[in-house]
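Chemist: Before I ask anything, here is the structure I am working with.
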Amino acid sequence: MSEPQPQKSEESAMTDGAKNSESQQDTARWTNAFREITSGNALLSLLAIVLAILIGGVLIALTDSDVQDAASYFFDRPGDLFAAIGSAVGGAYLALFQGSIYDFRRDDFLSGIRPLTQTLVFATPLIAAGLGVAIAFRVGLFNIGGRGQIIVGAAFAGYASFTWDLPIVLHVIVAVTMGIIGGALWGGIAGLLKARTGAHEVIVTIMLNYIAYYLISFLLRTDLLKNPGSSNPKTPPAADTAILPPLFGDGFKVHWGFILVIAATVLAWWLIDRSSLGFKFRAVGLNPHAARVAGIKVERLYVYVMLIAGGYAGLAASTEVLGTTTSGFTSGVDAGIGFDAITVALLGRSTPWGTFAAGILFGAFKAGGFTMQASQSIPIDIVLVVQSLIVLFIAAPPLVRAVFRLPKPGARAKKVVG
């Protein structure tokens, strides 16, 4: 009477084992996809940029009025159409270059190099926030909370800059440090919830973005952050003693925040590639289960990495409110930097120097886009389209390989072995 029960138990065990195996395979599949997107090779990043620029050129040509006019009599004079396309696309990207790297129309070298300094101004917070996202990527965490971390970091840095009365050098150091602390604390909340409750960092950081925005919006209407002499929800200007000084003199907008970002990039490189903590980060990112078996406290590392990621976002906030926007800020102080940082980290393949280069590129897009719009009457949205296409191609490595007929990873090795 009781003999069939063991058979059912065995069948149930086999079913549970199959389900666990499928679950592990799904987890491994998503982990491999995440790792391929965030840490692919530099060639795919370069080809993604090239492909996005080519498609951007097609869009510029399609929306140009001269190209449309020349297309109406294409069969009579086909050369006019190609000349119009070349003029539209070439003029647009030349304006992008002149607005972001060097302007050949200027009389002297210092005036010509001014667009490059503007690129560095835009790139400074992008690099800092992008490093925070990249470090989280290396542990397998998707930090989408850059916006909230920047807002809170800006509140901390801004409060220290216009409230405390300190000597000039000390005031800058304290204000920047306060921004880093604010961002780290806000990022650490997500890491703590991930470690203690298993809450997914994507959901938590998105919710924290909204909490930070509405919290600062409220504080900007109180005496804590609001400028007493203004009816708008805006902070007072930063004290002169807390402002990051210009890097090349008063004629250029680039400030010492860029030097801080270079130092932060070196620190991120050392942390990930040279320190024992970075080794643990990479081990957890590759396989958290194996890392846990090896004795690494995975949950504790989740808290550490989100503290560090938030600190980098706080550094980005400090460079903004103490160097770029020193006249006071609103709840929109992040200006999209938090989400652009995700693109920068993806393009940089989650490496410190790759993220640094990607931040320079996106800073050039931002600086040159305004010149392209002013001189060529091309909507700045084209630049946003190019940036979005870069993200699309980075997120779809097989698509880039198919376009450029590149072999799959490991295909050549398999062929040699075979």
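The values are calculated or read from the model by the stated rules, or taken from the named source; none is laboratory data. Model, not experiment: these values are computed from the prediction. Cβ placement follows ideal geometry from the backbone for every residue including glycine, while neighbour counts extend to all protein chains displayed. Accessible surface is based on the protein model in full, side chains and every heavy atom, while ligands, DNA and RNA are left aside. Shrake-Rupley method; radii C 1.70, N 1.55, O 1.52, S 1.80 Å.
Chemist: Residues to consider are THR371, THR319; find the one that is surrounded by 18 or more Cβ atoms within 10 Å (Cβ to Cβ) and at pLDDT below 90.
Modeler: Among THR371, THR319, only THR371 is surrounded by 18 or more Cβ atoms within 10 Å (Cβ to Cβ) and at pLDDT below 90.
Chemist: Being closer than 30 Å to ASN227 by Cα and over 20 Å from the mean Cα position of the chain (by Cα) narrows it down to one of THR324, THR371, THR319, THR330, so name that one.
Modeler: THR330
Chemist: Hey, could you check segment 95-115 for residues that are in a helix (DSSP H, G or I) and more than 27 Å from the chain's Cα centre (by Cα) and say which is surrounded by the most Cβ atoms within 10 Å (Cβ to Cβ)?
Modeler: Within segment 95-115, the match that is surrounded by the most Cβ atoms within 10 Å (Cβ to Cβ) is GLY112.
Chemist: Please go through (1) in contact (Cβ under 8 Å) with a residue 12 or more places away in the chain; (2) part of a helix (DSSP H, G or I) for LEU170 and return the number of the only condition it doesn't satisfy.
Modeler: That leaves (1) as the condition not met.
Chemist: For residues that are outside any helix (DSSP H, G or I) and in contact (Cβ under 8 Å) with a residue 60 or more places away in the chain, tally how many sit in segment 255-282.
Modeler: Within segment 255-282, residues that are outside any helix (DSSP H, G or I) and in contact (Cβ under 8 Å) with a residue 60 or more places away in the chain number 2.
Chemist: Next up: Restricting attention to segment 217-226, report how many residues are in contact (Cβ under 8 Å) with a residue 24 or more places away in the chain and either of a type in the set (Gly, Ala, Ser) or open to solvent by 40 Å² or more (accessible area, probe 1.4 Å) (or both).
Modeler: 2
Chemist: Looking at (1) more than 26 Å from ASP66 (Cα to Cα); (2) touching a residue at least 24 places away in the same chain (Cβ under 8 Å); (3) open to solvent by 20 Å² or more (accessible area, probe 1.4 Å), can you tell me which one ALA396 breaks?
Modeler: Every listed condition holds for ALA396 apart from (2).
Chemist: Turning to a different aspect of this structure: So which of PRO167, PRO78, PRO125 is in contact with a Ser or Thr (Cβ under 8 Å, 6 or more places away or on another chain) and surrounded by fewer than 17 Cβ atoms within 10 Å (Cβ to Cβ)?
Modeler: Of PRO167, PRO78, PRO125, the one residue that is in contact with a Ser or Thr (Cβ under 8 Å, 6 or more places away or on another chain) and surrounded by fewer than 17 Cβ atoms within 10 Å (Cβ to Cβ) is PRO167.
Chemist: Can you tell me how many residues in segment 283-311 are open to solvent by 60 Å² or more (accessible area, probe 1.4 Å), over 26 Å from GLY182 (Cα atoms) and part of a helix (DSSP H, G or I)?
Modeler: Count: 4.
Chemist: From ILE262, ILE296, ILE272, grab the single residue that is over 23 Å from the mean Cα position of the chain (by Cα) and either under 24 Å from TRP186 (Cα atoms) or at pLDDT below 95 (or both).
Modeler: When all the criteria are applied, what remains is ILE296.
Chemist: Evaluate the following for ALA268: is it open to solvent by less than 70 Å² (accessible area, probe 1.4 Å) and within 25 Å of GLU299 (Cα to Cα)?
Modeler: Answer is yes for this residue.
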